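A quick write-up on the structure given underneath.
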Amino acid sequence: MTASAVRPADHRTPEARHVPVTTRWRWVAAAGTATAAALHVVAASTHLQLQPTLAAGFLLTALVQLGAAAWLVLGPRGSGWDTRAVGLLLTGTVLVVLAFVAAHTTTWLGDLHTAGGHGAHATGHAAEADGAVALGLAALPEVQAPDLLGTATVAVELIAVVGLAALLPARTRSRATSLLLVAGLLVWVAWLTGLLG
Amino acid sequence: MPSPSLSRRDLLKVSVLGTAALALPWQGVLSGKSASRIASSKLPRPYSVPFAVPPVLAPVRSDATTDYYQLTQKAFVGELLPGVRTPLWGYNGLVPGPTIRARAGRQTVMRQINALPATHPTLGYVPWTSTHLHGMPSKPQYDGYAGDNSMPGQWKDYVYPNSCSARTLWYHDHGVHHTAENVYMGLAAQYQLTDAIEESLPIPHGRYDVPLIIGDVAFAADGSLLWDDNTHSGSYGDVILVNGRPWPTMAVEQRRYRFRVLNASIARGYRLALSNGQPFHVIATDGGFMAQPQQVTELIVGMAERYEIVVDFTALPVGQSIQLVNRGVKNAVDYDHTGKVLQFRASGPATDTSGNSVPAVLTTPHEAMTLTPAMARATKKMRLKRDADIWTINGETWSDVERSDYERVFSHPDVGDVELWEIENSSGGWFHPLHVHLVDFQVLTRNGRPARAQERGPKDVVYIGEGETVRILMRFGPEHGRYMIHCHNLSHEDHDMMTQFQVGVHDADCDPRLAAPPAYGTPPAL
């Protein structure tokens, strides 16, 4: 008995076979990216006063993610995906995720987190610090503890990564997920060897 | 283009990165048994550092009625950990600051000079200060009122009447919105008031009367203090300091010692006990001696609370040690060594056996302990609550007091009035050590039951535990004017769990901000 003999007959047209699956992964990628954009806007607002550079970075990321989400929803349908554009989006999203890991396991991005406070008048506001601050003679970056907002953002970005990977052609997808596997293994190795705290 | 899809294998590949991205940033938080970032080799082994006490400050001058002291609040680089340089702020360049010993009936004038930097080097705020002598019924303008701030470069002479009974007090910074950071940097010290009754008691005196200023800090990689107030919940360190020394060992003779325990931590409460389970006596609370000593095996100490305890080392064999340990309180963030506080090692027989007892009756009951609910002219309810990232008292904060131009008050008794306050903390997530300025009060009930044995003396801070309701009873006076009420978790106080009450009239002579403002320039000789 051949395999084709037991497979149920698929009477759908090629478009009908493609479109629902495409739509599903398109929406997964778009929803993940758009939610990440919204969460980055929230993060920007909470960091605006004390870490304006970081807030600007969050806003820029949010804008790019918003544009990407719009492109995923409104862009080409069916088999018309631009593999390079999807790959670029996938790479960008993974870099944002890696930046989060670096920010919360090393001091490499510590300057963005430099805490500050103010007290211009006699009953001014309390000093605010985003995480741990060394009370030395000068500001030194410290590893910042993560928060739920950041973790939620990374979680939806990982969903977007899955959605974007699914939109790639089979061979490219396999290569892309293999690269993600290597990236993931490198992160774990970096942690095990103490490079990441 | 083939149909988009993702195989199980693809998902597994992505999950390797996904789990790393989600888990690794949290591993330091979740597995953390230390808060410090400094190399563990730079932290001393617990009980390896010798014990020390802060020096006693001599007055710069005394006359028939008054002793004059001068203290300069300044930045310096000190050594809390052996061989590690730590930038600190201290009174006269000491952490903790020097102890002041005063006698009831003689007035103290304490000149405070703010020589701190124009801005905090890393947090960036202007380090204005306002010194509070905690436990003294000072006039409002000398009470460290929030808003009575001395800016860097200013000085102020604080006048303390020493009109109360003998007790252990402490002076610390109370600068509005920056108290936690300023105290964490080192602006805290003991002030011991004696009187004829205290001197006549056969309890340990002199070198057997020892301050224990307990705090907790964390260290950054470069040896500086590490500050993290956990989104205003409070700062928890992993290194326990006793009189500025990490987990020290104290040599004791085989006799009784009196310890003046002060919890100077920002947010950490302690449940103190001796490692061998030996009982000890509580002889005094915040407001001075209890009528009768209370024997306990554990002592819960919230921030700013003071307890005088007597520990008997008579039976401790020479060369043997016992430890003062911290069994922890609910919701404190504990680390590997926050259960250790101080070690006692018997050095030999007593070289002096005077003052080596704990009499069954110490003194007549403090006036606050004679009050009854029937004497209360008013009963007030106070709800302590977190509202978003702000801490509130009855839904209000110190900002509401400021917006009212300092007019808004929680209560307005006359001098001599008695009030009963019912304080409720419905949260299960944190406790609040509530401090009422000016007065000594009686802890009437805790959750409808009598106060703990350790609380059967006059208090000015009361530990309001998770889900607890505590009733306190107090008579207002002897001074009149406006005084603060606040949580002594200093991060809560700074964010903004503080209100005030007014006793009698508020007039120009007792305006806490205007009656005795700080001044710039070179102060005159004391």
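The condition (being within 7 Å of chain B (Cβ to nearest Cβ) and either more than 22 Å from the chain's Cα centre (by Cα) or open to solvent by less than 60 Å² (accessible area, probe 1.4 Å) (or both)) is satisfied by just one residue among A:A145, A:A176, A:A190: A:A145. All told, A:A122 meets the bar of being at pLDDT below 60 and facing chain B (nearest Cβ under 10 Å). Surrounded by fewer than 21 Cβ atoms within 10 Å (Cβ to Cβ) and modelled with pLDDT under 95: is that true of B:P54 in this structure? So B:P54 fails the test. Across the range B:97-111, what is the total count of residues that are open to solvent by less than 30 Å² (accessible area, probe 1.4 Å) and under 27 Å from B:F476 (Cβ atoms)? Here the count works out to 5.
If you go through the range A:125-137 and keep only what is open to solvent by 50 Å² or more (accessible area, probe 1.4 Å) and at pLDDT 75 or above, you end up with just A:L137. Run B:L438 past the list (1) within 21 Å of the chain's Cα centre (by Cα); (2) modelled with pLDDT of 95 or more; (3) at negative phi and report the number of the one that doesn't hold. Evaluating B:L438 over (1) within 21 Å of the chain's Cα centre (by Cα); (2) modelled with pLDDT of 95 or more; (3) at negative phi leaves (3) as the failure.
Could you run through the range B:467-494 and say how many residues are out of contact with any helix residue (DSSP H, G or I) (no Cβ under 9 Å at 6 or more places or on another chain) and in a loop (DSSP other than H, G, I, E, B)? Total meeting the criteria: 5.
For B:A284, the stated conditions do not hold, so it cannot be described as open to solvent by 10 Å² or more (accessible area, probe 1.4 Å) and in the same structural domain as B:I214 (by TED's automatic domain parsing). Given the conditions (1) at pLDDT 95 or above; (2) under 30 Å from A:G136 (Cβ atoms), and given that B:V29 satisfies all but one, which numbered condition is not satisfied? Every listed condition holds for B:V29 apart from (1). Residues in the range B:339-381 that are among the basic types (K, R) and farther than 28 Å from B:N326 by Cβ: B:R377, B:K380, B:K381. Scanning for something under 21 Å from B:G237 (Cα atoms), touching a strand residue (DSSP E or B) at 6+ places or on another chain (Cβ under 9 Å) and part of a helix (DSSP H, G or I), does the range B:19-39 turn up at least one residue? The answer is no; no qualifying residue exists.
Scanning the range B:145-166 for residues that are on the phi > 0 side of the Ramachandran plot and more than 14 Å from chain A (Cβ to nearest Cβ) turns up just one, B:N162. Residues in the range B:321-379 that are among the aromatic types (F, W, Y) and closer than 18 Å to B:I309 by Cα: B:F344 alone. Summed over the range B:225-265, residues that are among the aromatic types (F, W, Y) and not in a strand (DSSP E or B) total 2. The set of residues from the range B:112-128 being within 26 Å of B:Q192 (Cβ to Cβ) and surrounded by fewer than 18 Cβ atoms within 10 Å (Cβ to Cβ) comprises just one member, B:A115. Selection over the range B:189-202 of residues that are crowded, with 24+ Cβ neighbours inside 10 Å and aliphatic (A, V, I, L, M) gives a count of 2. Just to be sure before I move on: is B:W89 within 14 Å of another protein chain (Cβ to nearest Cβ) and closer than 30 Å to A:T177 by Cβ in the structure I sent? No, not satisfied.
Listed here are the residues, each with its yes/no results for (1) over 27 Å from A:L66 (Cα atoms); (2) modelled with pLDDT under 85.
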site: A:A152; (1), (2): no, no
site: A:A155; (1), (2): no, no
site: A:L158; (1), (2): no, no
site: A:P169; (1), (2): no, no
site: A:G184; (1), (2): no, no
site: A:W191; (1), (2): yes, no
site: A:G194; (1), (2): yes, yes
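If you go through the range B:503-517 and pick out every residue that is in contact with a Phe, Trp or Tyr (Cβ under 6 Å, 6 or more places away or on another chain) and either loosely packed, with under 14 Cβ neighbours inside 10 Å or in a loop (DSSP other than H, G, I, E, B) (or both), you end up with 1. Scanning the range B:179-218 for residues that are part of a helix (DSSP H, G or I) and under 30 Å from B:S34 (Cβ atoms) yields B:T179, B:A180, B:E181, B:N182, B:V183, B:Y184. Screening B:A368, B:A332, B:A273 for residues that are of a type outside the set (V, I, T), surrounded by 19 or more Cβ atoms within 10 Å (Cβ to Cβ) and assigned to a strand (DSSP E or B) leaves exactly one candidate, B:A273. Name every residue in the range B:119-158 that is farther than 23 Å from B:E407 by Cβ and in a strand (DSSP E or B), in order of residue number. Hits for the range B:119-158 are B:T129, B:T131, B:L133, B:H134, B:S150, B:Q154, B:W155, B:K156, B:D157, B:Y158. Answer yes or no: is there a residue in the range A:78-101 that is in contact with an Asp or Glu (Cβ under 8 Å, 6 or more places away or on another chain), modelled with pLDDT of 90 or more and hydroxyl-bearing (S, T, Y). The answer is yes; a qualifying residue exists. Within the range B:64-114, the set of residues being free of Cβ contacts under 8 Å to residues at least 12 places away in the same chain, among the hydrophobic types (A, V, I, L, M, F, W, C) and in a loop (DSSP other than H, G, I, E, B) comprises just one member, B:A64.
Could you please let me know if B:T86 is of a type outside the set (A, V, I, L, M, F, W, C), open to solvent by less than 60 Å² (accessible area, probe 1.4 Å) and out of contact with any Lys or Arg (no Cβ under 6 Å at 6 or more places or on another chain)? Judged against the criteria, B:T86 is a match. For the range B:1-18, filtered to residues that are assigned to a loop (DSSP other than H, G, I, E, B) and within 8 Å of chain A (Cβ to nearest Cβ), the residue that is modelled with the highest pLDDT is B:L6. Does B:C487 meet the test of being modelled with pLDDT of 95 or more, more than 25 Å from the chain's Cα centre (by Cα) and not small (G, A, S)? Against the criterion (modelled with pLDDT of 95 or more, more than 25 Å from the chain's Cα centre (by Cα) and not small (G, A, S)), B:C487 does not qualify.
Would you confirm, using the coordinates I've provided, whether A:A145 is touching a helix residue (DSSP H, G or I) at 6+ places or on another chain (Cβ under 7 Å) and at pLDDT 90 or above? The answer is no for A:A145. Residues in the range B:455-484 that are open to solvent by less than 10 Å² (accessible area, probe 1.4 Å) and either at pLDDT below 95 or at positive phi (or both): B:G481 alone. Taken together, the criteria place B:I283 among residues that are at pLDDT 95 or above and within 25 Å of B:L201 (Cα to Cα).
The values are calculated or read from the model by the stated rules, or taken from the named source; none is laboratory data. Everything numeric in this text was worked out from a predicted model, so none of it was measured. Glycine also receives a Cβ, built like all others from the backbone with ideal geometry; neighbour counts cover every protein chain displayed. Just so you know, the surface numbers come from the protein's heavy atoms only, side chains and all, with ligands and any DNA or RNA stripped out. Shrake-Rupley method; radii C 1.70, N 1.55, O 1.52, S 1.80 Å.
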